[in-house]
Amino acid sequence: MTIPNIITLGRIICVPIIIWLILSGAYLAAFGIFVFAGVSDALDGWIAKNFNAATQLGAYLDPIADKALLVSIYVTLGLQEALASWLVILVVSRDVLIIGAVLLSILIGQRLVVAPLMISKVNTTFQIVLAACVLGALAFGFTAADILIDSEWATVLIADVVFGLSVLVGVTTVWSGGSYLRVWTQSVSASDIGGR
């Protein structure tokens, strides 16, 4: 087990802890662990690249850790009414769509290799920034109502930033999901043609 893989496993362990902290209202601690998880994500990638410590296990674990963290935080913040329901549904549906396509490919005996798309990296970045903004706002004393409903001048700015980021996450989520679906259908079609 390499050091990057141990760091990645640590990030996976952070997931239930962050969920529990958010549900308990311990937003400052949840925000701190989220920031720690983000730093650990950059660190394990840097170590793997610069010290020739990249492994096949790490190639699978890293995206699993990222998605587990983000999807869990989005669902939990949605339950706390700090994120709009439509956005949570969109983010979760995209990941379910991608996982479903991979599983279907395995069931029909086709090996699907999809490199991460640039729009997916952009989408993940926006998702992280939005989650950090919402958790940060909650950690520093704003309420879920402040985040989604602009009531005073200070919360107007937060609500506008969260709304703008939500739109960016929504658009890039649809774009990313559509792009993966297009790549998958082309791959399946090419396989069907090649098999005849």
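The values are calculated or read from the model by the stated rules, or taken from the named source; none is laboratory data. These numbers were taken from a predicted model, which means no experiment stands behind them. Note that we place each Cβ from the backbone using ideal geometry, even for glycine, and neighbour counts take in every protein chain shown.
Some points to look at:
- Residues located in segment 56-82, provided they are part of a helix (DSSP H, G or I) and acidic (Asp, Glu): Asp62, Asp66
- Search result, residues across segment 117-146 that are under 25 Å from Gly178 (Cβ atoms) and outside any helix (DSSP H, G or I): Leu117
- Test: residue in segment 4-21 that is crowded, with 18+ Cβ neighbours inside 10 Å and charged (D, E, K, R): yes
- Matching residues, segment 48-76, being in contact with a helix residue (DSSP H, G or I) (Cβ under 6 Å, 6 or more places away or on another chain) and either assigned by TED's automatic domain parsing to the domain that holds Val122 or aromatic (Phe, Trp, Tyr) (or both): Tyr74
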